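What follows is a set of notes on a single structure, which appears directly below.
The values are calculated or read from the model by the stated rules, or taken from the named source; none is laboratory data. None of these values were measured; they are calculated from a predicted model. Note: ideal-geometry Cβ built from the backbone for every residue, glycine included; neighbour counts use all protein chains shown.
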Amino acid sequence: MWHEVISAKWGIFVESVSDIEDQGKTMRYFQKIENEWIASRSKVSVDELNEMVKRKELWVSGLDAIKYGFADKYIGTK
């Protein structure tokens, strides 16, 4: 499973539009770094990975994990 970076807050917060924009820029930066790292070690481009996780979670089966290059093989197989 892979998804966009998320932020959780509890309680009552008062934030300005600028605060929210800054938080969004920071979160997009971390998402970019993470997706670039995964893409560099798989068969999926950064753009493809961005689309796969945009506004949703990416769940893959074992076969899909191998197909996309997220995994090399099943444990216990040759």
Taking region 12-33, which residues are among the small types (G, A, S) and part of a loop (DSSP other than H, G, I, E, B)?
S16
Given (1) under 12 Å from the mean Cα position of the chain (by Cα); (2) closer than 14 Å to M1 by Cα, number of the condition Q31 does not satisfy:
(2)
Suppose we filter region 45-78 for residues that are of a type in the set (A, V, I, L, M, F, W, C) and closer than 15 Å to M1 by Cβ; how many remain?
9
Scan region 34-55 and report the pairs whose first residue is within 10 Å of G69 (Cα to Cα) and touching a residue at least 12 places away in the same chain (Cβ under 8 Å) and whose second residue is aliphatic (A, V, I, L, M) and not in a helix (DSSP H, G or I), with Cβ atoms within less than 8 Å and a gap of 6+ or a chain change.
I38/V44
Within region 5-24, track down each residue that is surrounded by fewer than 11 Cβ atoms within 10 Å (Cβ to Cβ) and under 15 Å from the mean Cα position of the chain (by Cα).
I6, S7
Of all residues in region 1-37, which are within 29 Å of D47 (Cβ to Cβ) and among the charged types (D, E, K, R)?
E4, E21, D22, K25, R28, K32, E34, E36
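Got at least one residue in region 45-52 being of a type in the set (G, A, S) and at pLDDT below 90?
Taking region 45-52 first, the residues of a type in the set (G, A, S) are 45.
If we keep only those that are at pLDDT below 90 as well, we get none.
So far as region 45-52 goes, no, none of its residues is of a type in the set (G, A, S) and at pLDDT below 90.
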So, in region 34-64, how many residues would count as being exposed (fewer than 11 other Cβ atoms within 10 Å of the Cβ) and either more than 12 Å from the chain's Cα centre (by Cα) or part of a loop (DSSP other than H, G, I, E, B) (or both)?
7
